[in-house]
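Participant: Here it is: the structure, laid out below.
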Amino acid sequence: MMEVSVGLREANKARTRLAISDVATHLFIERGFEKVTVAEIAEAAHVSVKTVFNYFASKEELFFDRADDVRDAMLEAIRQRPEGVDALEAIRALLADRLVPFELDGWRPLRNHERYEQFRSFIAAEHASPALRARRLVIAEQWTGAFADVFESELGDRRAAHALAAMVIGIVGLRERELSSAMLDRASARTVERRVRAVVDEGFTRLVRAFDT
């Protein structure tokens, strides 16, 4: 009974967190990130401001609420890769074959007009906000440390691991910029995928020449 109770409690917390995030994202897209207050998000989500901060440490975290899921999907691709596949190839395949690293349906969502427009609106909201662009840089820096920890076990060299992690995160950043540029240009779903794959493949081809993982 205790396990069931804990499970239900965690499920309820997850639903509340998602509901708050969904409301916030809608407001950010509709009005712009800087123009929306946490109090307005709380009111629209029918919770208190304190409750919002119980789930999210900042307004920026509300926008990037899936950042940890993206990071974890990439790290898991390294840890769970098949025998004979090196770490860089595992990440390259993930970033080339999926629109969002933690989603399993590849690039198919972009072929749905409604999903395409939702994703494009999210990107446009980020690019219109200096605070969100700055936050992305902070996230990238945090990810670099997490990747360095994993690569150290692969390379056995902390300095090399940090260098490799920084380069991988650099390619992730290039991918994000190419994806954003293509979608803000309203390129077709096929063209978006082609452009992103090209950037990812070029980046990792050059990186593999420098590191054997």
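The values are calculated or read from the model by the stated rules, or taken from the named source; none is laboratory data. Remember, it's a predicted structure, so these values are computed and weren't measured experimentally. As a convention, Cβ positions derive from the backbone with ideal geometry for all residues, glycine included, and neighbour counts pool all protein chains shown.
Participant: Could you list, in sequence order, all residues of region 91-119 that are crowded, with 18+ Cβ neighbours inside 10 Å and either charged (D, E, K, R) or modelled with pLDDT under 95 (or both)?
Facilitator: Hits for region 91-119 are ARG92, ARG98.
Participant: Sort out which residues of region 36-52 are over 25 Å from PHE102 (Cβ atoms) and not β-branched (Val, Ile, Thr), and write them in order of number. I'd like the intermediate steps shown before the answer.
Facilitator: Taking region 36-52 and keeping what is over 25 Å from PHE102 (Cβ atoms), we get 36-40, 42-44, 46-51.
Residues satisfying the conditions are ALA39, GLU40, ALA42, GLU43, ALA44, HIS46, SER48, LYS50.
Participant: Can I ask one more? Between a first residue in region 180-195 that is polar (S, T, N, Q) and a second residue that is assigned to a loop (DSSP other than H, G, I, E, B) and at pLDDT below 95, which pairs have beta carbons less than 6 Å apart while being 6 or more apart in sequence or on different chains?
Facilitator: That search, which allows pairs on different chains as well, returns nothing.
Participant: For GLU43, state whether it is charged (D, E, K, R) and in a helix (DSSP H, G or I).
Facilitator: Here the answer is yes, as GLU43 does meet what is asked.
Participant: Oh, and also: Of these, ALA148, ALA134, ALA165, which one is assigned by TED's automatic domain parsing to the domain that holds VAL192 and surrounded by fewer than 16 Cβ atoms within 10 Å (Cβ to Cβ)?
Facilitator: Exactly one residue qualifies, and that residue is ALA134.
Participant: I need the full set of residues from region 58-91 which are charged (D, E, K, R) and over 15 Å from the mean Cα position of the chain (by Cα), in order please.
Facilitator: LYS59, ARG79, ARG81, GLU83, ASP86, GLU89
Participant: Output the residue which, of all residues in region 142-192 that are acidic (Asp, Glu) and under 29 Å from GLY106 (Cβ atoms), is farthest from the chain's Cα centre (by Cα).
Facilitator: Among those that are acidic (Asp, Glu) and under 29 Å from GLY106 (Cβ atoms), it is GLU154.
Participant: Given (1) part of a helix (DSSP H, G or I); (2) closer than 30 Å to LEU164 by Cα, where does VAL85 come up short, assuming only one miss?
Facilitator: Every listed condition holds for VAL85 apart from (1).
Participant: Oh, and also: Could you figure out which of (1) under 20 Å from ASP97 (Cβ atoms); (2) loosely packed, with under 15 Cβ neighbours inside 10 Å; (3) not acidic (Asp, Glu) isn't true of VAL70?
Facilitator: Checking VAL70 against (1) under 20 Å from ASP97 (Cβ atoms); (2) loosely packed, with under 15 Cβ neighbours inside 10 Å; (3) not acidic (Asp, Glu), the one that fails is (2).
Participant: Given the residues ARG108, ARG120, ARG98, which is the only one that is under 13 Å from the mean Cα position of the chain (by Cα), assigned by TED's automatic domain parsing to the domain that holds THR205 and basic (Lys, Arg)?
Facilitator: Result of the check over ARG108, ARG120, ARG98: ARG98.
Participant: Determine which single condition THR205 fails, assuming it passes every other condition in (1) within 26 Å of GLU83 (Cα to Cα); (2) surrounded by 13 or more Cβ atoms within 10 Å (Cβ to Cβ); (3) of a type in the set (Ser, Thr, Tyr).
Facilitator: The one condition THR205 does not meet is (2).
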